[in-house]
Structures are given as structure tokens and as C-alpha cells.
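Asks: Quick one: the structure is below, questions incoming.
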Amino acid sequence: MIQVALVLVILAALAAVQTRYLRHGVIYLGLFSLGIAFVYLLYNAPDVALAEAIIGSTLSTVLFIVALQKYKIFTIYYRVSGEDAGQDAASQSVIKSLEKFCTKQELEAQIIYTTEPIADIVENHQFSIIMNKQNMQYDVFIHENNYKIDALKTYLSQELPSINVKILED
Amino acid sequence: MSDHSQLLSRSIGIIYPIILIFGLYVIFNGHVTPGGGFQGGAIIGAIMIAKYLADPIPFLSLEWTQSVEKATLLILYVLAALFCIVTTLQIVVGHFTIFLILSNTLIGLKVACGMSIIINRFVYYETR
Amino acid sequence: MRRKVIAFVLILIAGVILLTYYTPSPTTEKMMASYAMANAEKDTGAQNIVTVVYLYYRYYDTLFEALTLMVSIVAVIYISYHGGGSSHE
């Protein structure tokens with residue numbers, strides 16, 4: 001019994017360190033706390049197990065998740081071409097609408113104007129979404145692993161139905 | 001959480017009196033069963049998290065919680081001094097259970113206030 | 001150079017003091033544990049020995065632990081002030 005719990009604890013710890021997404025790491029850390037609380041219980045220390053289960057598994061997990069939600073930065077690459085600097089009224093209203101989306105989702109909007117082609121941005125930069133303007137038609141590119149993909153689609157279909165959402169694959 | 005779900009807030013509203021009763025049980029039975037002031041206080045502090053998940057509006061004032069915490073620490077020290085005097089002069093012999101329950105209650109109140117201060121401060125005021 | 005000499009002397013003094021008072025005897029700890037297990041219920045009438053240890057044999061430590069928790073909370077409030085929200089402090 002105790003061997004199974006110890007192996008589970010080690011696996012959870014390794015997964016928490018090795019994972020790609022911070023959110024998954026937080027969940028693995030909660031799993032680690034639960035496993036180690038069970039181990040304490042098997043070693044006849046119910047007091048310590050109770051404290052570990054409450055503090056490690058409940059309080060710190062929720063606090064980490066809240067912290068991740070608060071400090072998330074949503075990077076918007078706005079691709080302008082040549083003489084069009086993205087300062088006209090239509091572009092500004094689209095950007096304002098995207099900022100409203102960020103505020104609603106508790107994200108921090110960061111807008112970067114660029115003239116690079118889309119393939120270069122995908123290759124070289126950390127981005128959340130890329131906005132492209134071509135002959136008065138706006139396209140929004142979003143990566144398939146993005147967490148906000150469904151929320152963005154719903155929001156844009158309500159607020160700005162003229163924008164196409166295109167999904168970038170790996 | 002800007003769009004919190006009705007399901008979550010309703011179910012947490014049913015659950016959190018039970019969490020409160022469990023925390024009080026852990027505190028008041030600290031001298032008989034595993035647990036004690038610290039664990040029970042942390043359970044009561046976890047109610048703050050449940051409250052935040054249900055509807056994120058601050059409802060405990062920071063000033064009040066902090067005053068309660070400081071007063072509890074003071075009472076704990078006074079109780080310790082009183083206990084020392086009473087046992088060395090042998091005015092009252094026995095009755096340790098009352099002392100244990102009282103200390104556990106004070107520690108639990110103090111830890112609950114501390115946890116809720118940390119959670120409130122972190123969740124509602126920490127912006128950037 | 002002078003600061004290094006001072007640091008060396010301080011570390012030496014600390015080492016000497018720690019080594020004179022350090023007695024590596026697991027028997028004392030074992031004695032204390034068995035003492036607590038034998039006498040806890042007789043002394044106070046409580047069944048949970050852990051509570052008896054931290055509220056009777058080691059009450060002084062508990063008081064300072066509570067003080068430490070309070071100091072850390074004061075630090076949290078002081079550091080996280082810049083978000084605004086309440087006028088007090």
C-alpha cells in the first residue's frame with residue numbers, strides 16, 4: 001500500500017516539474033500533496049496529514065490558480081502593411097473590442113504592431129493571437145493549443161461577426 | 001472569475017455550513033481526536049476560498065479581521081501567563097481540559113483570521 | 001581582508017559553542033518521547049498526545065509560532081498594499 005502511494009508521489013512530483021503548462025503543474029502539485037498526506041496517514045501521523053491535505057491540497061492550489069489567472073498576459077500581434085499604420089477608426093474599434101474581451105477574461109492585453117509576415121511571427125515570437133488586415137477584411141489567427149479559443153470564438157461571433165477566426169495548427 | 005456559474009455557487013452555498021461545522025468539530029475535539037487549533041483554523045480559512053469561488057465579492061473587512069487576530073494573540077499570551085501563575089501557586093489543581101479547549105479555540109480563531117486575511121488580500125487587492 | 005577575518009572568527013566562535021553544547025544522544029529524545037507517551041494522559045487527562053505536547057510540555061514554542069504567523073501576515077499586508085482598495089494602514 002505504502003509503496004504504491006510513494007510511487008504515485010514521485011510520479012506526481014516529476015510530472016509537476018516536467019509539464020509544459022503551468023496550470024497542469026499546479027494540479028500535479030495538488031495531487032502530490034494528497035499523496036503525501038496519505039503517506040503521513042500510513043505513518044500514523046493524522047495531525048500532519050490533516051494539515052498537509054488542507055494547506056497543500058486546497059489553499060495553495062486555489063491560490064496558485066488565482067495567481068496564474070491574474071498575471072496572464074494576452075499578446076495581440078497586429079499586423080499592418082506598409083503605409084497603413086492601423087490608426088484609422090475601424091482598426092481602433094476592433095482593437096478596443098479585443099481589449100474588452102481581455103478585460104472580461106481577466107487577461108492583460110498587450111498589443112504589438114508589426115509588419116512581419118505571419119509565418120515569421122509564428123516562428124519567432126510568443127503570441128496569443130495575430131490580427132491581420134487585408135482589404136478591409138480582418139482575420140484573427142489563434143493557435144490550436146490556446147485555452148481561450150472557444151471563448152474568443154463566442155465573443156467574436158457576438159460582437160464582430162465580420163471577423164474570421166482561423167486556427168493555426170502545429 | 002467574471003462569469004461564475006450558477007451551479008457552482010448553489011452547491012458551494014449548500015456545502016459551506018458543513019465545512020464550518022467540520023472546522024469547529026476539529027477545533028473543539030482537538031484534545032481527543034487528531035487535529036487541533038491550527039488544522040481547524042485552516043479549514044475555516046478554506047471557507048473564504050469557497051466563498052470566492054461562489055461569488056467574488058469581499059465581505060470581511062480587513063480592519064476588523066486584523067483587530068480580532070491581534071486581540072486573540074494578546075489573549076493567548078495573557079492566558080499563558082495566567083496558567084503559569086495558577087499552576088505554580090496551585091490555586092486550581094486539575095481542569096486541564098478547559099485550558100486545552102480554550103487554547104485550541106484561541107489558536108483556531110487566530111489561524112482562521114490569518115488565513116482569511118492572506119486569501120482576501122491576495123485575491124481581491126493584488127492587482128498587478 | 002578585515003571583514004573576512006571577522007567573519008572567520010565569528011564562525012569559529014559559533015562552531016566552538018555549538019560543539020560544546022551539542023551532545024549527540026538519541027537516547028534523550030527517546031526518553032522524552034516515551035515520557036510524553038507514558039505521562040500525557042495522567043498529567044492532563046487528554047487522549048491526544050500531540051495536543052498535550054504542543055499545549056502543555058512545549059507551550060512556549062506554540063506562543064512564538066503564533067507570533068511568527070502574525071508577523072508574516074503583517075508582512076503580506078504591507079507588501080501587497082500597492083493595489084489600493086482599502087484606506088487603512
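Asks: Could you work out which residue, out of B:Ile85, B:Ile12, B:Ile43, moves most in a Gaussian network model of chain B, that is, has the largest mean-square fluctuation with Cα springs under 10 Å?
Replies: Answer for the Gaussian network model of chain B: B:Ile85.
Asks: With a cut-off of 19 Å, note down the residues of the stretch A:35-64 whose backbone N falls inside the zone around a label point 7 Å from the Cα of C:Gln47 toward its beta carbon.
Replies: Within reach of a label on C:Gln47, which here means backbone N under 19 Å from a point 7 Å along Cα→Cβ, the stretch A:35-64 contributes A:44-50.
Asks: Right, here's the next one. Whole-Hz ³J(HN,Hα) for each residue in the stretch B:112-118, computed from phi via Karplus 6.51 cos²θ - 1.76 cosθ + 1.60 with θ = phi - 60°, x for glycine and proline: what do you get?
Replies: 4, 4, x, 4, 5, 5, 4
Asks: Applying the Karplus parametrisation 6.51 cos²θ - 1.76 cosθ + 1.60 with θ = phi - 60° to the phi angles of the stretch A:148-160, what ³J(HN,Hα) value in whole Hz is obtained for each residue in order, glycine and proline being reported as x?
Replies: Computed from phi, the couplings for the stretch A:148-160 are 9, 5, 6, 4, 5, 4, 4, 5, 5, 5, 7, 8, 10 Hz.
Asks: Right, here's the next one. Semi-axes of the equivalent ellipsoid for chain C, please: Cα gyration tensor eigenvalues, times 5, square-rooted, ordered largest first, whole Å.
Replies: 36, 33, 7
Asks: Same structure again: How far is it, in nm, from the label point at A:Ala90 to the one at A:Met1 when both lie 7 Å from their Cα along the line to the Cβ?
Replies: 7.0 nm
Asks: Further question on the same structure: Quick one: P(r) of the stretch A:36-124 from all Cα-Cα pairs, 10 Å bins, percents rounded to integers, in order of increasing distance.
Replies: With a bin width of 10 Å, the distribution comes to 14, 25, 21, 13, 13, 10, 4, 0.
Asks: May I ask for the Rg/Rh ratio of chain A, computed from Cα atoms with Rh as the Kirkwood radius, given to two decimals? Write down the numbers at each step before the final one.
Replies: On the way: Rg = 22.1 Å, Rh = 18.9 Å.
Ratio of gyration radius to Kirkwood radius: 1.17.
Asks: Does the stretch A:2-69 classify as rounded, prolate or oblate by the C-alpha gyration tensor (a ≥ b ≥ c root eigenvalues; a/c under 1.5 gives rounded; else a/b over b/c gives prolate, otherwise oblate)?
Replies: Oblate, since a/c reaches 1.5 and b/c is not below a/b.
Asks: Return the single residue from A:Asn135, A:Asn145, A:Asn124 with maximal mean-square fluctuation; model: Gaussian network over chain A, springs between Cα atoms under 10 Å.
Replies: Highest fluctuation of the listed residues: A:Asn135.
Asks: Follow-up. How far, in degrees from 0 to 90, does helix B:6-28 lean away from the longest principal axis of the Cα atoms of chain B, to the nearest 10?
Replies: So the helix axis and the longest Cα principal axis differ by about 10 degrees.
Asks: Follow-up question, since we're still on this one. Using a Gaussian network model of chain A whose springs link C-alpha atoms within less than 10 Å, name the residue from A:Asn132, A:Asn44, A:Asn146 with the highest mean-square fluctuation.
Replies: Its mean-square fluctuation being the largest, the pick is A:Asn44.
Asks: Counting only residues 5 or more places away or on other chains, whose amide H sits under 5 Å from the amide H of A:Ile111 once H atoms are built in the peptide plane?
Replies: HN-HN under 5 Å from A:Ile111: A:Ile76.
Asks: How much mean residue ellipticity at 222 nm does chain B get from its helices, if each DSSP H run of length 4 or more adds -39500 (n - 2.57) and you divide by all residues, to the nearest 500 deg cm²/dmol?
Replies: Numbers: 4 runs with 94 residues, N = 128.
So the calculated ellipticity at 222 nm is -26000 deg cm²/dmol.
Asks: So, one more: Determine the calculated [θ] at 222 nm for chain A from helices alone, applying -39500 (n - 2.57) to every DSSP H run no shorter than 4 residues and normalising by the residue count; nearest 500 deg cm²/dmol.
Replies: So the helix-based figure for chain A works out to -16500 deg cm²/dmol.
Asks: While we're here: Mean 1/r over all different Cα pairs, inverted: what Kirkwood radius does the protein assembly as shown give, in Å?
Replies: For the protein assembly as shown, the Kirkwood estimate is 25.7 Å.
Asks: Strictly greater than 19 Å: what percent of every Cα pair in the stretch A:72-168 meets that? All intermediate terms of the calculation are to be shown ahead of the outcome.
Replies: Values: 1654 of 4656 pairs.
Of all Cα-Cα pairs in the stretch A:72-168, 36 percent lie more than 19 Å apart.
Asks: List the GluC sites (Glu not before Pro) in the stretch A:34-135 that DSSP assigns to loop (not H, G, I, E or B) and whose Cβ has at most 14 other Cβ atoms within 10 Å. Which are they?
Replies: Passing both the DSSP loop test and the Cβ count: A:Glu83, A:Glu106.
Asks: Which percent of the Cα-Cα distances in the stretch B:6-125 go past 24 Å?
Replies: The calculated P(r) of the stretch B:6-125 puts 37 percent of pairs beyond 24 Å.
Bear in mind that the values in this text are calculations on the coordinates, not laboratory data. Every value quoted in this text rests on a predicted model; they were computed, and no experiment measured them. All Cβ positions, glycine included, derive from the backbone under ideal geometry; neighbour counts span all protein chains shown.
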